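Beneath this line is the structure, given in C-alpha cells, with notes to follow.
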C-alpha cells in the first residue's frame, strides 16, 4: 500500500508527556561544551551486548525510585496486547489504519535497484517501536513510529522522525521499546520487550523550530528525545549496550555504498530490514530503495557499518513526503549540522526550540515594505529598534525588538486595502517626542504623517502634510534620519524621485516640509538604479547618520555622514553582481541592545529573513537567520 502522507497541522500537541513549548532564545546555537559528533564514516560502532543479561540487573547510577515507578506505571498501560494493536501515527492522521501490506509500484523512470527486505525475528537492540498514546478522542489512540537509540554521555537519547511528534494533538504514555519483536518467544528466551520500556522524560524533546512552524520544513524532519530508565532501573544504553553513533553526512556524500534500513511496518511489529546503496535526492535528502517499508517505519534508522546490533546513524525515515509515498522507496532528511545542533542541545539538556514568533517564510514572501524605529512602549524606554511591515493585502504590522538581534510576535496596526496604495514609507522623530512617527506617500500624491505610533495609538493620529497633488506622485523612496538638520532628532528626510533626483528636507515636523537641498540632479544615470536606501550609524564617528544603499546590480554602498559629505564619503560593502541583487527589502535599526542604528534586516527570495548585526562602513555584520527560506 502507498505510504500515507502526513496531513500538516499548525499546532503542537502538549500535555503531561510531551511539552514542546519551552522558551529557547538561544536554541539556534549548538552548546559549546557538548561533545562533537564525528563526520560521516563507514567504521562500525563499537559492539555491545546484543541480548539482555539473564537474571537480576544492576540499577544504573543516579536512578531513583520515582524513576522506576514511572516506568512501572508505563508498563501497566502498554500491555503486550496494546503494543501489538497499536497503529502507525501516519495512518491515523490520514484517516486510516494502513495495516495491509500492499505495495505501490515505484515511480516511472527511476533507476534505483530495489533490494529485498527480510524480517529480523530476534529484533535489533538499538532499534525499536516508539509508542504514543493519543488523547484526541481517536478510535485508535495507541499509535507508533519507529526509532533508534543514539549513543551519548546521557546514555538515554533516542532519534525518530519529527513528524511522529508534531500533529497538533495531545499525547501521553510516550515510550521507546528497543529490540521489540512481535509474537511469542520460546521458553527461556526474552519476550517481546527484551529490554523493557523506556518512558520519554517530560519536556525532553528537541525538534528544529522550522519543523514546529505551520509549514514544516522537510529538511529537518528529525527529533531527538531523552528517555528515563526502565522498570529495572537501567538507563537505555546500560540495558542495550552502546547506541548507534550519530553521524553527519555532507550533501556531496548522500550517495553511500552500503546502508541498512530498519523499521516496523504497520500490522507486523517485527522489524523489517534491508541493505542497499543510497543516492542523493534533490541534493538534500538520502534515498534508499528497499521493498516493503510501508506506513509505520517513519523514524526508522539508516545505519552504515551495521554489525547486526548497531551502526553509524546517517539518517531516519522521513523528510521528503515524510519518508516517501511508495513503500519501496524511503527518504531521510540530510543529517548535517541541524541534527547535530539538536543532539548537542539534548546532551546539554538545553531548552528546546519553540515555534518561531515571526511565523514562516510563506508569510514573509508577502512583505512589500520595511521600516524601523522606536514604536513599542518598551522599546522607547529601552532605546530598542522595532520593525514595521506593510503586507501585500494592506495589513500593517509592528514587530517589537527584543534587544538580542531578534523580534517578538507581531501586533496588527491596521488591516485595510487602502494601504495597498501607499507608495513609500519611512519612520522618524518628526513631532519631537520619544515615540517615532510614520511618514507615508500615497499613489495620489498625498503625504501623511502618523504621530506617535505604538501598540496603543496604532495609526490613529494622522496629520495630512500635503493633499493629492501631481508632484509627490513621483516620490519613489523615503528615508528619514539625522542628516545635518542641526538637532539630535531623526527628522531629516531624503526623497528619491522617479527621475532619479535626490532631495534632502531638514527638520520635517507636524507642520510640513521646510528647507530643501538637492543632493543629485534630475535624470542622472546613477540613482535610478537604487533599490533601497536606509539611514544608519555605520561609520565610526558619532553625530549625523550615514546612508546605506542597495543597487539593482548587487552593489552595496554606505555614504558616510550624508548631511556633511553628500555622496562623496562612499564605502563599498559589496561589489556589483553580488548576491544582494536578489534581495527584496532592506532596513536598519538598533536591534542588538545598543543605541546605534547599525543592524541591517534583509528579506531574501523565498521569504528568508536575515539580520546582519553591528554592520559598519567597512563590513556587513555577522549573519543571523530569523526566518528560513521556504522550500518548495
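Only the coordinates and a few stated rules stand behind these numbers; no lab work does. Quick caveat: nothing in here was measured; it's all calculated off a predicted structure. Cβ atoms come from the backbone with ideal geometry, glycine included; neighbour counts cover every protein chain shown.
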Where a ≥ b ≥ c are root eigenvalues of the Cα gyration tensor, a/c under 1.5 meaning rounded, otherwise prolate if a/b exceeds b/c and oblate otherwise, the range 349-457 counts as oblate
Log10 I(q)/I(0) at q = 0.19, 0.24 Å⁻¹ for the range 571-632, from Debye over equal alpha-carbon scatterers, is -0.73, -1.07
Extension length gain for residue 460 and residue 85 (0.36 nm per residue less Cα distance), in nm, is 129.0 nm
The FRET efficiency for residue 365 and residue 139, from their Cβ-Cβ distance with R0 = 51 Å and rounded to 0.05, is 0.85
Once residue 279 and residue 581 are pulled to full extension, the length gained, defined as 0.36 nm per residue separation minus their Cα-Cα distance, is 105.3 nm
Distance in Å, no decimals, from the C-alpha centre of the range 589-630 to the one of the range 219-248 is 38 Å
What the 5 Å binned alpha carbon P(r) of the range 361-627 shows, as percent of pairs per bin from 0, is 1, 6, 13, 19, 22, 19, 13, 6, 1
Burial-style ranking of 173-180, 514-521, 532-539, 353-360, average other-beta-carbon count within 10 Å with highest first, yields 173-180, 532-539, 353-360, 514-521
Contact order relative to length for the range 65-348, counting C-alpha pairs under 8 Å separated by 6 or more residues, stands in percent at 24 percent
One finds, for residue 521 and residue 552 with R0 = 22 angstrom and r their Cβ-Cβ distance, a FRET efficiency to the nearest 0.05 of 0.65
Output ordering of 450-459, 320-329, 573-582 (per-residue mean of other Cβ within 10 Å, highest first) is 320-329, 450-459, 573-582
Residue 214 and residue 120 label points (each 7 Å along its Cα→Cβ direction) are spaced in nm at 4.1 nm
Note on the range 361-627: contact order normalised by length, alpha-carbon pairs under 8 Å, 6 or more apart, percent, works out to 15 percent
Using alpha carbon centers only, the range 523-570 is separated from the range 359-425 by a whole-angstrom value of 23 Å
Quick calc: nm separation of the 7 Å Cα→Cβ label points for residue 421 and residue 255 -> 5.9 nm
Listing 497, 206 by rising number of other beta-carbon atoms within 10 angstrom, fewest first, gives 497, 206
Inter-part gap, Cα centre of the range 503-519 to Cα centre of the range 303-341, in whole angstrom, is 61 Å
Here, residue 75 and residue 202, labelled 7 Å along Cα→Cβ, have an inter-label distance in nm of 2.2 nm
Row for the range 65-348, column shape: gyration tensor on C-alpha, a ≥ b ≥ c, rounded if a/c < 1.5 i.e. under 1.5, prolate if a/b over b/c, else oblate; value rounded
